[in-house]
Amino acid sequence: MACGGFACSRTALCVLNIIYVLLSLFMIGVAAWGKWFGLVSSFKVMVAVIAVGFFLFIVAIVGLCGALKHHQVLLFFYMIILLLVFIVQFSVSLACLAISKEQQNLLLEIGWNKSESMQRDLEYSLDCCDFYQVNVNGTMCEAACFKELTCEPCSVIIQAYADDALRFVGGISLFFSFTEILGVWLAYRYRNQRDARQNPGAFI
């Protein structure tokens, strides 16, 4: 059967959703692994990553079941959810790619002030203390350099990597957003196709 037919559309949709299932399991596994081995001390960060992975898993299962059964209702809800995810993800990716240096520094400072556990993680992993200025008389810093009083402010190190990280995240997010719109198109096309192996008059 030529590509673009019923079997081809179903196969493409199944492959796409299997990739989403594997990606979601990878996200959940990495978050759990990072928490188990103490690489991430923030419980909220771990829960957020697992929640996103679980949501992607559910959406992929809905799409996979809809593709295998040619189920009109499942495919419809799959299209709507995937379209909404595409809009959100596309907007976030453009924001990451277009953010200015001043906005970037402001967001980094806001993020730093929101979570003490994340501060400890960054101080330990980046070997730095505080954000803008090291306070040797303040609270104990997790970095090894604190004992030797040779620490740099964390903002200097974070800002050095933040621009590249935002470009990377924005590029990856933009790439996956196009796979989502591809999924919407495949689901829409597949819903309106008939299975030639069944009764030509049947349309489930």
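Magnitude of the charge dipole for the stretch 6-191, about its Cα centre and with charges confined to Cβ atoms of Lys, Arg (+1) and Asp, Glu (-1), is about 1200 debye. Counting beta carbons within 10 Å around each of Glu116, Glu123 and listing the fewest first gives the order Glu116, Glu123. Over the stretch 6-191, Cα pairs under 8 Å with separation of 6+ residues give a relative contact order of 28 percent. For the pair Phe178 and Leu23, a Förster radius of 22 Å applied to the C-beta separation gives a FRET efficiency near 0.90, rounded to the nearest 0.05. Using a Förster radius of 30 Å, what is the FRET efficiency between Arg167 and Ile110 based on their Cβ-Cβ separation? Nearest 0.05, please. After rounding to 0.05, the efficiency reads 0.90. Under the simplified labelling scheme, the Gln133-Arg189 pair shows an inter-label distance of 6.1 nm, with each label point 7 Å from Cα along Cα→Cβ. Taking every lysine pair in the stretch 6-191 that is 8 or more places apart or spans two chains, those with Cα atoms closer than 25 Å amount to 4.
Bear in mind these aren't lab numbers, they're just calculated from the coordinates by the rules spelled out. Since the model is a prediction, treat every value here as computed from it, not as a measurement. Methodologically, a virtual Cβ is constructed for each residue, glycine included, from the backbone with ideal geometry; neighbour enumeration extends over all protein chains shown.
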